[in-house]
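Notes for the one structure printed next.
The values are calculated or read from the model by the stated rules, or taken from the named source; none is laboratory data. Computed from a prediction, not measured in an experiment: that's the story for all the values here. When we count neighbours, we look across all protein chains shown, and the Cβ atoms used for this are built from the backbone with ideal geometry, even at glycine. Note: areas computed on protein heavy atoms with side chains; ligands, DNA, RNA excluded. Shrake-Rupley method; radii C 1.70, N 1.55, O 1.52, S 1.80 Å.
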Amino acid sequence: MSVDRAYFDGMEAKIPRGSVRTRFAPSPTGYMHVGNLRTALYTWLIARRAGGTFILRIEDTDQGRYVPGAVDVIYRTMAECGLTHDEGPDVGGPVAPYIQSERRDTYGRYAELLVSLGGAYYCFCGKETEEPAESKEIKKHVCSCPSLSSEEVQRRIAAGEPYVIRQKIPAGTTTFHDAVFGDITVDNDTLDDQVLLKSDGLPTYNFANVIDDHLMGITHVVRGSEYLSSAPKYNLLYESFGWEIPTYVHCSPVMRDAQNKMSKRHGDPSYEDLKAQGYLTEAILNYVALLGWSPKGEQAEQEIFSLEELAKAFDMAGISKSPAIFDIAKLDHFNALYLRSLPAEKFAAVADPYIRQSVKNPAIDTAEIAALLQAR
């Protein structure tokens with residue numbers, strides 16, 4: 001299958017270069033949990049401190065998990081938190097579109113290019129995913145498809161045989177660098193030939209992620225440490241294409257306790273839940289910023305930060321390798337400090353719906369009660 005080099009040269013020419021570019025790329029699968037909010041915040045702070053560009057990208061390739069209204073939750077949360085994006089589905093930008101399902105043809109072209117470069121192969125085995133073994137050992141895909149001649153591949157494609165495109169993992173080792181965890185080396189024998197393009201023509205998450213990050217000129221990729229195991233395969237994709245590898249920033253998880261990650265299934269609150277419970281957005285952001293990050297130097301002992309102050313103080317060197325425990329009592333402390341600092345009129349407006357839950361008489365001025373409560 002011939003490769004249209006002019007197309008790829010044109011795509012390369014569109015890539016913005018020369019400045020820091022970060023992206024927050026949520027999937028529209030429900031609410032904005034605390035870990036997602038922290039990722040968005042750190043990503044925004046890296047861009048703002050460097051005077052760079054912050055991008056919002058919607059990763060909706062997994063249509064089976066799509067939740068109606070989830071995109072609106074993303075927009076609303078980002079706006080309320082002041083995490084304004086410079087490029088995105090609603091504001092456009094030089095590398096639009098910013099919704100993955102609208103970029104479908106792009107992924108197919110790059111999958112074919114990767115095959116021509118020797119970094120992937122057509123697989124006709126009919127099994128797109130490998131379920132992990134109960135022992136959690138790598139269950140590698142093994143077949144003869146990588147050794148098929150190009151003529152045989154074209155014959156089978158022309159005959160209408162369904163296929164996927166898989167990454168071809170080379171022998172040896174892969175070393176990647178992470179801003180938080182440093183250099184990590186893995187044996188390539190532990191990496192599977194993951195599916196990049198499914199039989200329906202849609203990309204897998206890992207492949208679309210790399211293609212979009214490159215074409216959007218992303219310089220820093222912030223994500224959870226659960227993706228550390230995928231980073232070697234990302235590296236190999238970048239190397240196969242001959243692309244510059246972005247700075248990886250893997251953040252350790254936000255935990256409910258020492259053993260368990262936060263989870264909506266276990267009743268852990270989302271950003272919207274916290275807002276409904278009376279926590280101020282400024283307090284939530286301030287606390288979330290310190291879940292896994294510590295300021296340095298003169299600000300080492302400072303705990304109250306406005307968003308603008310965070311943008312000046314945030315340094316990736318302050319991100320911890322250790323998981324952060326979400327402590328609701330600590331959030332209570334931050335919320336109390338912010339509530340006390342509010343102008344009396346604003347505090348009264350914030351407190352009114354909560355006071356009205358107990359004070360039903362409309363003749364009673366809740367502002368007077370609020371003035372007594374704020375001083376506590």
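Structure values in brief
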{"quantity": "Inter-residue pairs, beta-carbon under 9 Å, first touching a residue at least 24 places away in the same chain (Cβ under 8 Å) and in the range 1-24, second basic (K, R) and surrounded by 12 or more Cβ atoms within 10 Å (Cβ to Cβ), 6+ apart", "calculated": "V3/R109; D4/R109; Y7/R109; F8/R109; M11/R109; V20/R49; R23/R57; F24/R57"}
{"quantity": "Residues located in the range 77-132, provided they are at pLDDT 95 or above and of a type in the set (K, R)", "calculated": "R109"}
{"quantity": "Criterion (open to solvent by 20 Å² or more (accessible area, probe 1.4 Å), basic (K, R) and modelled with pLDDT under 95) met by exactly one of K346, K321", "calculated": "K346"}
{"quantity": "Whichever residue in the range 1-34 is touching a Lys or Arg at 6+ places or on another chain (Cβ under 8 Å) and crowded, with 22+ Cβ neighbours inside 10 Å and, among such residues, is nearest to E244 (Cα to Cα)", "calculated": "R23"}
{"quantity": "Residues located in the range 45-70, provided they are under 13 Å from the mean Cα position of the chain (by Cα) and either under 18 Å from S101 (Cβ atoms) or assigned to a helix (DSSP H, G or I) (or both)", "calculated": "I55, L56, R57, I58, E59, D60"}
{"quantity": "Any hit, the range 51-73, residues being within 22 Å of G217 (Cα to Cα), of a type in the set (G, A, S), open to solvent by less than 70 Å² (accessible area, probe 1.4 Å) and at pLDDT 95 or above", "calculated": "yes"}
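Rundown of residues vs (1) in contact with a Pro (Cβ under 6 Å, 6 or more places away or on another chain); (2) among the basic types (K, R); (3) on the phi > 0 side of the Ramachandran plot, yes/no style:
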site: G160; (1), (2), (3): no, no, yes
site: T174; (1), (2), (3): yes, no, no
site: D183; (1), (2), (3): no, no, no
site: T190; (1), (2), (3): no, no, no
site: K198; (1), (2), (3): no, yes, no
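The rows are residues; the columns are (1) part of a helix (DSSP H, G or I); (2) in contact (Cβ under 8 Å) with a residue 24 or more places away in the chain.
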{"residue": "A258", "(1), (2)": "no, yes"}
{"residue": "D268", "(1), (2)": "no, yes"}
{"residue": "D273", "(1), (2)": "yes, yes"}
{"residue": "G278", "(1), (2)": "no, yes"}
{"residue": "E298", "(1), (2)": "yes, no"}
{"residue": "E308", "(1), (2)": "yes, no"}
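Matching residues to (1) part of a helix (DSSP H, G or I); (2) over 24 Å from S306 (Cβ atoms):
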site	(1), (2)
G18	no, yes
P28	no, yes
N36	yes, no
A40	yes, no
T43	yes, no
D72	yes, yes
Y75	yes, no
V95	no, yes
